[in-house]
Structure formats: structure tokens, C-alpha cells
Amino acid sequence: MVTSVVLFNRVLRLHDHPALATAIRRSERVVPLFVVDPTIVGGPFGSPNRLAFLRETLTDLRRALQARGGDLVLRAGDPAEVAVAVAVAVGATTIHHSADTEIGRAHV
């Protein structure tokens, strides 16, 4: 069985999600993943309002995935390291993610 991890970052929705669409086309099993990066949430971009919005958005994303028979894996740490660790743990051969068009700018 071909398994892929989809690392959600700035695009926290199911519709019109290029990385998710590619993973679904190329894999039999898709593991959705969001990694809370402590350097971002603990920094100047981690305001209470922004973090509340992130929690609400992740809750909505999880519900949407559960409605389709899936779930969202949530972890904390360095997104690249965690994504690789999750991929190894689930036997994934690929990790898909959306391109970040705001290079050099911290975000949540």
C-alpha cells in the first residue's frame, strides 16, 4: 500500500489544496499532519488571537477530515523533523506540502 503524509502548513482546508490532491491521486493511504512549530507560536506571531484562530481552524480541519473517514495528526516540534518521523512511523514513501509563498516571514 502506497502511503503519503500531507504536511498542512498555511493552507488549512481540504478544498483546493494542491498537496492533498496530489497525495490522494498518488497514494492509497494519506496521513494528514499539522506540526505546531514552537519557534513560531512562542514568538511575536504567537499572539493570543492568532493562536485562538489557529485552534479553531485546526478543529474545523479535523472535523472535515473525520467527516470523510480520516483524522488529523497533530504534533509539536520542527515541522521537517516531525514530518519525517511521522512518515517513517506510518511507512510513508512521500511527504507532500504546499509551497509557502511568503519566504522569510514567520507565520502561523
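The values are calculated or read from the model by the stated rules, or taken from the named source; none is laboratory data. Quick caveat, the model's predicted, so the values are computed rather than measured. Cβ: placed from backbone, ideal geometry, glycine included. Neighbour counts: every protein chain shown. In case anyone asks, the SASA skips ligands and DNA or RNA and just uses the protein heavy atoms, side chains included. Shrake-Rupley method; radii C 1.70, N 1.55, O 1.52, S 1.80 Å.
Tabulated results
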| read-out | value |
| --- | --- |
| Mean Kyte hydropathy of -1.0 or more with a Cα span along the axis of at least 24 Å, helices from DSSP in the chain | 48-67 |
| Percentage relative contact order, region 1-86, counting C-alpha pairs under 8 Å, at least six apart | 36 percent |
| With DNA, RNA and ligands ignored, accessible area of residue 58 (1.4 Å probe; Å², nearest 10) | 20 Å² |
| Label assignment, Rg and Dmax of the Cα atoms in Å derived from the structure, set (i) 15.6, 46; (ii) 13.2, 39; (iii) 13.6, 42 | (iii) |
| FRET E, pair residue 88, residue 60, Förster distance 22 Å, beta-carbon r, rounded to 0.05 | 0.15 |
| Electrostatic dipole magnitude of region 1-59 [Cβ: Lys, Arg +1; Asp, Glu -1; Cα centre; debye, to 20] | 80 debye |
| Calculated FRET value between residue 80 and residue 25, using beta carbons and R₀ = 22 Å, to 0.05 | 0.40 |
| Prolate/oblate/rounded label for region 33-84 (Cα gyration tensor, a/c 1.5) | oblate |
| Net dipole in debye of region 3-108 [+1 Lys, Arg Cβ; -1 Asp, Glu Cβ; about Cα centre; nearest 20] | 260 debye |
| Heavy-atom accessible area per residue - the chain, 1.4 Å, Å² | 61 Å² |
| Percent accessible area from carbon and sulfur atoms, the chain, protein chains only, probe 1.4 Å | 56 percent |
| Ellipticity estimate at 222 nm from DSSP helix runs (n ≥ 4, -39,500 (n - 2.57)) divided over the chain, nearest 500 | -12500 deg cm²/dmol |
| Local electrostatic count at residue 49 - Lys and Arg +1, Asp and Glu -1, tallied over other residues with Cβ under 15 Å | +1 |
